[in-house]
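Reviewing the structure listed below.
Read-outs: derived from the displayed coordinates by stated rules, not from any lab. Fair warning: this is a prediction, and the values are worked out from it, not measured in the lab.
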Amino acid sequence: MFDPRRPTLRYRLDKGETLGVTWLMMGSVAMTEIAAKARPDAIVLDLQHGLWERRAMEEAIGIVPSDIPVLVRVAENSPLAIGQALDAGAEGVIVPLVETAKQARKAVDAARFPPHGNRSGGGVRPLCDFVDYVHGCERGIVVVVMIETEKGVKNAREIAAVEGVDMVFIGTGDLALSLGTFPHFDARHDVACATVHAACKAEWTLCGCFTGNLDGARARREKGYRMVVTSNDVDVLMRGFGQATAGFMARTPAGPALPPEPKPSPRPAPSPAVSATPANKAANGAGYVEEQRP
Ligand code: 3PY
Ligand code: MG
């Protein structure tokens, strides 16, 4: 959780560190606590594609020690989404699908209090010590905008130049979809990433890149990206459960297919004159008729 007296995220970025972050989608406070024990450089809660609800986000941020910064990838570029994430104690926001300088400016405005922006003051945590909080935010809050479309790549230089944008983060998956290269991250994809990276360099803005695993994270760090994803909870769970299960049992085949459902045989029509005696019921099953009275 953000400590306004000791902002950690900006300090680390200013020092020139490359952050290896853990990306959490499951919306689980317990999992956040476990992930924090591994002491990643930062934790990202993904509210765009993950399962996070507002209260769980607030609790998860509260559980993370303040020397592990938490960023929230917000669901959308809106004052409400950005304000709620920061009110919860996030030290930074990651804003998806930014395609123009105007959209980047909107994100920055939503993250900063007046006179630098239009963020509304409030929130349960901030109000515990609001004067300190507002002061700490002036320097401490980090704004990351995502470029992940062809249009965003075209406008990368203008986006990176927006005052208050601390980092541009490339969404490699959406970028592949937008470029039409999906499921391949081919040469066109590489060129697009390099274009964004170069634009950031020209504007003295940091550039990070989404990565799907540790190898990818290491490779992107080598290329100079300043924030990469070393692990994500869905992947860790899938691999962990997969390995644990495969390490124990020789897989048995699924059970044999059931034979097709037999067609019901037509039931003989019951005689209308038969009375509903127990013997007749037993003989005719559900098809018996009530005794006919004169
Ligand atoms: C992307 O790769 O598009 C992302 O947004 C990462 O989650
Ligand atoms: Mg994306």
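Taking the stretch 157-235, how much of its Cα-Cα pair set, in percent, is spaced more than 16 angstrom apart?
In whole percent, the share of Cα-Cα pairs in the stretch 157-235 beyond 16 Å is 52.
If I histogram all Cα-Cα distances within the stretch 14-110 using bins 10 Å wide from 0, what percent of pairs lands in each bin?
All Cα pairs considered, the percentages come to 17, 49, 29, 5.
Amide H neighbours of LEU19 under 5 Å, counting only residues 5+ apart in sequence or on other chains, H built in-plane at 1.01 Å?
Under 5 Å from the amide H of LEU19 lie the amide H atoms of MET227, VAL228, each far enough along the sequence or on another chain.
Using Cα atoms only, what is the angle between the long axis of helix 233-246 and the major principal axis of the chain, expressed in degrees (0 to 90) to the nearest 10?
50
Compute the separation of the alpha-carbon centres of the stretch 104-170 and the stretch 1-77 and state it in Å as a whole number.
So the separation of the two Cα centres works out to 16 Å.
Let me know the volume per residue of the alpha-carbon convex hull for the chain, in Å³.
Convex hull volume per residue, Cα atoms: 282 Å³.
Just to check, using Stokes-Einstein with a Kirkwood Rh over alpha carbon pairs, what's the diffusion coefficient of the stretch 144-197 at 20 °C and 1.002 mPa s in µm²/s?
For these conditions, the coefficient is 195 µm²/s.
With contacts defined as alpha carbon pairs under 8 Å and 6 or more residues apart, what's the relative contact order of the chain in percent?
16
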